[in-house]
1. Output the 0 to 90 degree angle, nearest 10, between the alpha-carbon long axis of helix B:168-178 and the longest principal axis computed from the alpha carbons of chain B.
2. Amide H neighbours of residue A:29 under 5 Å, counting only residues 5+ apart in sequence or on other chains, H built in-plane at 1.01 Å?
3. Can you give the charge dipole size of the range B:156-224 about its Cα centre, rounded to the nearest 20 debye, using +1 on the beta carbon of Lys and Arg and -1 on the beta carbon of Asp and Glu?
4. Provide the per-residue ³J(HN,Hα) series for the range A:60-65, in order, calculated from phi with Karplus coefficients 6.51, -1.76, 1.60 and θ = phi - 60°, each as a whole number of Hz, with x at glycine and proline positions.
5. For the range B:234-316, which trypsin sites (Lys or Arg not before Pro) pass both filters: DSSP loop (anything but H, G, I, E, B) and at most 12 other C-beta atoms within 10 Å?
6. What size of dipole, in debye to the nearest 20, comes out for the range A:182-266 about its Cα centre when the only charges are +1 on Lys and Arg C-beta atoms and -1 on Asp and Glu C-beta atoms?
7. How high is the relative contact order of chain A, in percent, with contacts defined as C-alpha pairs under 8 Å that are six or more residues apart?
8. Can you give the helix-only mean residue ellipticity at 222 nm for chain A, where every DSSP H stretch with n ≥ 4 adds -39500 (n - 2.57) and the sum goes over all residues, rounded to the nearest 500 deg cm²/dmol?
Amino acid sequence: MIDVANAPTVTRPQIRIEGAVKSFAGRVVVDIDELVLGDSPIEGLIGPNGAGKTTLMRMIMHSAKLDRGKVTLRRGPEEDVEEVVLSDLPTHRMAGLGVVKSNQVIMDFEKLTIWDSLLLSLAAAKYEHPHRIFSEAPLFEAHAEEAREYLDFFSFADPTGFAQSAGEKKLLDIVRCLLLKPRFLLLDEPTAGLPDELTEKVMEAIRRLASEGTSVVIVEHDLNVIWSISDEVHFMAEGNIILRGPPQTIRENRTVVEKYLGEGHV
Amino acid sequence: MNLDWLDAFLLFGTFQVVMVIGLALLLHLQLGLARIANFGVVGFWAIGAYAFGVLFTKVDWSIGEPWPFLISMLFGTVVAGLAGLLVGWLIADLEIEGVLVGTLGFATVVAILVTTERGLTGGALGMGGLSFPFDIGKTKANELLWFGILFVVVGAIFYYVWRVHRSPYGRLLIAVGDNEPLARSLGKPTFQTKLWLFAIGSAGMGLLGAINGVMVHLLIPEGIGINVTLAAIVGLVLGGTARVWGAVLGVILTVGFFDIVVQSYLPLPRSWYTQAIPVLREMVFGAALIIVLLVRPFGILGDMRRDKLIRSTHRD
Ligand SMILES: Nc1ncnc2c1ncn2[C@@H]1O[C@H](COP(=O)(O)OP(=O)(O)OP(=O)(O)O)[C@@H](O)[C@H]1O
Ligand SMILES: [Mg+2]
């Protein structure tokens, strides 16, 4: 296993959320005064259903528009930090900045095969201009190896065909994210619906990514995953982060037990 | 060259078929891949024709042929492309109903402008003076050569579309049409993609409009009705929106069948030609469309088969 916490020091990107409010139909769903994500390599984000975890992630991606407030990405070496205000940018700019999110609800391209999906994810804009009608070969040449590694690692049944089961689609969603080479990866229940051995593989891939300097935030209801993989855990309830700390502390905290875990969990 | 064997009507009918195939192929990129329902095809087509005509006939050219002709062709193409950029910008983020109304409305606006801007377009009287950029003898010979040029242009469009299916650009268009939020989250600038697709498609439609204008010599408002749009859409949907060959097959079966077989070879009463035939044509098209959509919702050739394509292009 890779020892993430003691990996050589790299400057990890951070995301700072300030005074961020989001409401749907007049009901406030997320209201966060101040939150910094990315202090630790892998951070868990837990909380009851409807706490606002997915919405918070969508606010970071700016696929949900903020009512007010600001989301900032901080990256680069300590002495020369670069700040980008994500909440001023369109969603499609996030991937280019290395900010990537997987989807809780299954999202897929029905008309594209698994190979297509991977090549789409891998293709930089220069390959996709309308006049570049001969760029499939160079794209394949440059990236097929990478795609193949993931296809083998996760042992997809027939990558030239379409993703069949819900699990396969879920996995494909994660692989698409990984191929974007994220610097800040948000995972929204990545292992829900996956068989155990694949959950293990996904976790292994995430650990590897984190050890290479990517900041990971993971939402999961499977708490065994959270306790085992997170360096730090945020507990969210009613649109707010009410606690953060090492997994062990969160696990034993009264509020968390009352609001989420239920008695007898510890 | 003796061209007696060539029926003028047949030549004209075939010209129409090939021209509509060109329109349907361009529409295929928009509707079949990116799922943008462009109901304003004739608008871009007409803009190309009139922009070409205005520049070609109204300007006192001091340079010799073929430059005025070629420059005017290019002008028609570019103006149609710019119109596409503008319309695309207005509709790219709308729901399907909005796109429908927007593009349809655009074509209507073009038709109105053509009728009212008499100084430029000749209004209802029409705009003449569009002649072939060459003269190789008989009218029929000139028309045949012009048909050959159209054939090359549409052939090039076909090749482009065929290549797009096998390129990352095509994959991007399919992704945008299939699941736009997901494409966006993968870093794809979906709005911009749709905008450029609209501009390129419209430019191509404009070029075809200008080429058609030269063939018919006279641009009149009646020539830019919804029937042009319908011919392209019905043909494409019938053949299969998502398939390259769908446009070709569908248009041959509809426009080809009607404009060539029915009009040229069926012994229809002469008096039908102006009144009854256009109505009959729309009725037959509509009926064919309904039947095919009931029996084969994805058209005769069926839905896209990326699995087959991927297997054949990336054979290991
Ligand atoms: N697009 C939307 N329109 C209306 N309400 C929404 C929308 N998205 C989320 N909500 C509401 O916002 C609240 C928070 O939802 P969110 O999906 O962020 O919760 P979550 O913490 O991810 O829950 P879960 O653990 O069930 O995934 C819920 O009450 C939900 O019904
Ligand atoms: Mg959620």
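1. Orientation of helix B:168-178: about 80 degrees from the principal axis.
2. A:22, A:23, A:24
3. So the magnitude is around 360 debye.
4. 5, 6, 6, 8, 10, 6
5. B:270, B:315
6. It works out to roughly 280 debye.
7. 28 percent
8. Working: 8 runs with 82 residues, N = 266.
Result for chain A: -9000 deg cm²/dmol, rounded to the nearest 500.
Every number in this text was worked out from the coordinates using simple rules, so none of it is lab data. Just so it is clear, the structure is predicted and the values come from calculations on it, not from any experiment. Counting neighbours? That spans all protein chains shown, and the Cβs are built from the backbone with ideal geometry, glycine included.
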